[in-house]
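Q: To start, I am sharing the structure in question, which I have written as structure tokens.
The values are calculated or read from the model by the stated rules, or taken from the named source; none is laboratory data. Note that this is a predicted model, so its numbers are computed, not measured. Reconstructed Cβ throughout: ideal geometry from the backbone, glycine too, with neighbour counts over all protein chains shown. Side chains are part of the model used for accessible areas, which takes the heavy atoms of the whole protein and leaves out ligands, DNA and RNA. Shrake-Rupley method; radii C 1.70, N 1.55, O 1.52, S 1.80 Å.
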Amino acid sequence: NQALPEDRYTTEDHDVFTISGRTCIEEGNSAQVLSIVLDEKNQDIVRCMGWNLLPPLIQVLLKKEDKKFSQCLAIFNHLLQTCRPKELLIGLLEQLEQDDPDTIATSLHLLLNPLQKVLLCLGSRKASSLGMTLSSVLDQVAKLPLPHTKEQEEDDIFSLCRCCTDLIDFVKPFVHEARQNLLNTEAQDESRLLLFFCLSCMKTLSHPLLEVQLKDPDTLAVSPLRNFATEILNTLSAIGESVPSLVYEPLLKRKQVPGFLEEEVRYPKESLASLAHLVFVHHLAADTFPSVFSPVFCLRSNMEHIGLLLSSLVRVEDCSLHADLLEIKTFLTVPQNMVKVMTICPRHDLRTRGLKVLQLSIDKFDTEAKYNLFQYMLKTSNHSGVEGYVIKNIKNQIDVALQPGNSNTWFVGAHLLPLLRKVLSLPDGPETDLLHYLDRIMESLNLLRYLVIRDKVTDNQTGIWTELYKIEDTFLKPLRVGVNMSRAHYERELHNTMATKRVKESVLSVSVGDEKLPNMTSESQIQALHSALHTFDMIESVLVRIEELTEVKENL
């Protein structure tokens, strides 16, 4: 309890103060410690050594329910006012490091305001310390789980939203200071301050903003994460970074910092891609963009960003995306857009790539999500080829579900039957245009044939054997009628065409289904009609094979 001049404190003095002070706090004698640190004659000791008491104090403050909370809070506040800023900064940053998500969020909420006060006490030479602090804080934020659904963000079950809000409040005075000094080109430390802000903003764009799915205002009127993203873009603009320039210059940007770094400072490609996504998908900071750029220019400027974002999909583990993610619009618009590429794009190579991306995205969902996605795509695609592709995926999932030891319940039994009823049906009954819906019909028949072969009557894991009589009435019988009607129609067309050909060679206009084919010669028309009849024969042969297999299996 003896006051000594600073230059007389030895290592032993520091050890005695630290060990005795920490022991008292840990054993619940915080009232005694409070009395000592408040004693006027001890202020020099507290100024030099008090920061060593931070570890046990912060542990009590994190728990909150401790009986000595108010006394420890009083000690903590006194240390913030008395101790030297540099030592305080080191001590606070050491206590910021946590591993448990709950503790991380509580620690950040407790320590960001004290860290802000300490940094402001450092005056104009705070840049490096601020950079170190921001790096430590963002490393902690990166450990927090991400909310995926609207409800998770509203309830903030992982405390990420609160941490992001706390972080914005933390940086506000420093952003204001950097902005005030932006035009002072001789302020070297201010240049470093701006750099650290740029790098920190870019880091948040990589995580969490690249990985989290922002909700649009129609889905979530008040979105803390959307507000956080907006604040990050505002911060970039406030410290002199042009958001349009960052988006339209996908090459890694060089940042000149006089007297600080000889090498160029490079922004991560992931951060720039995330920035472009926020601007063009979520329309954040859209008012800062010139409206004169053509769509083609915007697309060309963003192709590198698009490529990087698509490549990141590969790194997601298969079957790791949960069904609740489909509540987010973008998780449904991506398959929709890939379908447009697959069906409308005139370039074959791009259609093929669209198909690969669609399959890649399907593979990332878990079984419940795949089930819901397939239902959605069957309802919305309005394209036989796409529906056929979805049905093929359903068949593959059923095959996986039927493997021994697989606990998948979504593609067997009660869950599977509603999906089968949707698949094993004709859009317009017997009058369905069989050529127009050929891809869907053939994949449906292949699926039914697989189920009859793979699932035993005695096991009936898929429910197909109890559902078969309904399938016969709603799918197989109407399909037989449709095949017979279509064959009769095309045979008549073939007969008339051949009769016309014998009269004279001419150029004819032919309709197949609802589609009017280009003008063709009678030879070409005859070839098209023969092809259609061959298709009906193919459908009928699969129908016959299914009937034979069904009869054999039921008689076993």
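Q: So, in the range 131-149, how many residues would count as being among the aliphatic types (A, V, I, L, M), touching a residue at least 60 places away in the same chain (Cβ under 8 Å) and out of contact with any Pro (no Cβ under 8 Å at 6 or more places or on another chain)?
A: Number satisfying all stated conditions: 2.
Q: Would you pick out the residues in the range 310-324 that are surrounded by 11 or more Cβ atoms within 10 Å (Cβ to Cβ) and at pLDDT 80 or above?
A: Val316, Asp318, Cys319, Ser320, Leu321, His322, Ala323, Asp324
Q: Okay, moving on. Condition first: in contact with a strand residue (DSSP E or B) (Cβ under 8 Å, 6 or more places away or on another chain) and modelled with pLDDT under 70. Can you find one or more residues in the range 241-252 that meet it?
A: Yes, some residue in the range 241-252 is in contact with a strand residue (DSSP E or B) (Cβ under 8 Å, 6 or more places away or on another chain) and modelled with pLDDT under 70.
Q: Name, by its number, the condition in (1) touching a Ser or Thr at 6+ places or on another chain (Cβ under 9 Å); (2) open to solvent by 30 Å² or more (accessible area, probe 1.4 Å); (3) modelled with pLDDT of 85 or more that does not hold for Pro268.
A: Exception for Pro268: condition (3).
Q: Now a separate question. Does Thr458 satisfy the criteria of being among the polar types (S, T, N, Q), in contact (Cβ under 8 Å) with a residue 24 or more places away in the chain, farther than 28 Å from His534 by Cα and in a loop (DSSP other than H, G, I, E, B)?
A: no
Q: Would you mind finding the one in Lys392, Lys379, Lys370 that is within 16 Å of Cys319 (Cα to Cα), among the basic types (Lys, Arg) and assigned to a helix (DSSP H, G or I)?
A: Of Lys392, Lys379, Lys370, the one residue that is within 16 Å of Cys319 (Cα to Cα), among the basic types (Lys, Arg) and assigned to a helix (DSSP H, G or I) is Lys370.
Q: For the range 289-306, name all the residues that are open to solvent by 40 Å² or more (accessible area, probe 1.4 Å) and assigned to a helix (DSSP H, G or I).
A: Answer for the range 289-306, where residues must be open to solvent by 40 Å² or more (accessible area, probe 1.4 Å) and assigned to a helix (DSSP H, G or I): Pro295, Val296, Phe297, Leu299, Arg300, Met303, Glu304, Ile306.
Q: Among the residues of the range 368-388, write down those that are aromatic (Phe, Trp, Tyr) and in contact with a His (Cβ under 9 Å, 6 or more places away or on another chain).
A: Tyr371
Q: Now for a separate question. Let me confirm something: among Lys143, Lys203, which residue is within 21 Å of Ile58 (Cα to Cα), open to solvent by 10 Å² or more (accessible area, probe 1.4 Å) and of a type in the set (Lys, Arg)?
A: Just a single option satisfies the conditions, and that option is Lys143.
Q: Quick check on my filter: what residues within the range 52-67 are more than 40 Å from the chain's Cα centre (by Cα) and within 19 Å of Thr18 (Cβ to Cβ)?
A: Asn52, Leu53
Q: If I ask for residues that are open to solvent by 10 Å² or more (accessible area, probe 1.4 Å), in a loop (DSSP other than H, G, I, E, B) and either touching a Pro at 6+ places or on another chain (Cβ under 6 Å) or farther than 23 Å from Met303 by Cβ (or both), which ones from the range 221-250 would you list?
A: Within the range 221-250, Ala221, Val222, Gly240 qualify.
Q: Tell me whether the range 157-165 contains one or more residues that are surrounded by fewer than 21 Cβ atoms within 10 Å (Cβ to Cβ), closer than 13 Å to Gln116 by Cα and either among the acidic types (Asp, Glu) or at pLDDT 90 or above (or both).
A: The answer is no, given that none of the residues of the range 157-165 is surrounded by fewer than 21 Cβ atoms within 10 Å (Cβ to Cβ), closer than 13 Å to Gln116 by Cα and either among the acidic types (Asp, Glu) or at pLDDT 90 or above (or both).
Yes/no per residue for (1) of a type outside the set (A, V, I, L, M); (2) at pLDDT 95 or above; (3) more than 29 Å from Val339 (Cα to Cα); (4) open to solvent by 60 Å² or more (accessible area, probe 1.4 Å):
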| residue | (1), (2), (3), (4) |
| --- | --- |
| Val400 | no, no, no, yes |
| Ser444 | yes, yes, no, no |
| Ile453 | no, no, yes, yes |
| Lys456 | yes, no, yes, yes |
| His489 | yes, no, yes, yes |
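Q: Under the condition of being among the polar types (S, T, N, Q) and within 17 Å of Phe196 (Cα to Cα), which residue from the range 77-134 is surrounded by the fewest Cβ atoms within 10 Å (Cβ to Cβ)?
A: Ser124
Q: Considering (1) in contact (Cβ under 8 Å) with a residue 60 or more places away in the chain; (2) surrounded by fewer than 20 Cβ atoms within 10 Å (Cβ to Cβ); (3) among the hydrophobic types (A, V, I, L, M, F, W, C), say which one Ala414 fails and leave the rest.
A: For Ala414, the failing item is (1).
Q: Also: Would you say His383 is at positive phi and out of contact with any strand residue (DSSP E or B) (no Cβ under 6 Å at 6 or more places or on another chain)?
A: It is false that His383 is at positive phi and out of contact with any strand residue (DSSP E or B) (no Cβ under 6 Å at 6 or more places or on another chain).
Q: Further question: For the range 150-170, what are the residues that are of a type in the set (A, V, I, L, M) and either in a helix (DSSP H, G or I) or touching a residue at least 24 places away in the same chain (Cβ under 8 Å) (or both)?
A: Leu160, Leu167, Ile168 - these are the residues of the range 150-170 that are of a type in the set (A, V, I, L, M) and either in a helix (DSSP H, G or I) or touching a residue at least 24 places away in the same chain (Cβ under 8 Å) (or both).
Q: Considering only the range 44-71, how many residues are in contact (Cβ under 8 Å) with a residue 24 or more places away in the chain and part of a loop (DSSP other than H, G, I, E, B)?
A: Count: 2.
Q: Let me ask something else about it. Report whether or not Leu358 is touching a residue at least 12 places away in the same chain (Cβ under 8 Å) and in contact with a Gly (Cβ under 8 Å, 6 or more places away or on another chain).
A: Considered against the rule, which asks whether it is touching a residue at least 12 places away in the same chain (Cβ under 8 Å) and in contact with a Gly (Cβ under 8 Å, 6 or more places away or on another chain), Leu358 comes out as no.
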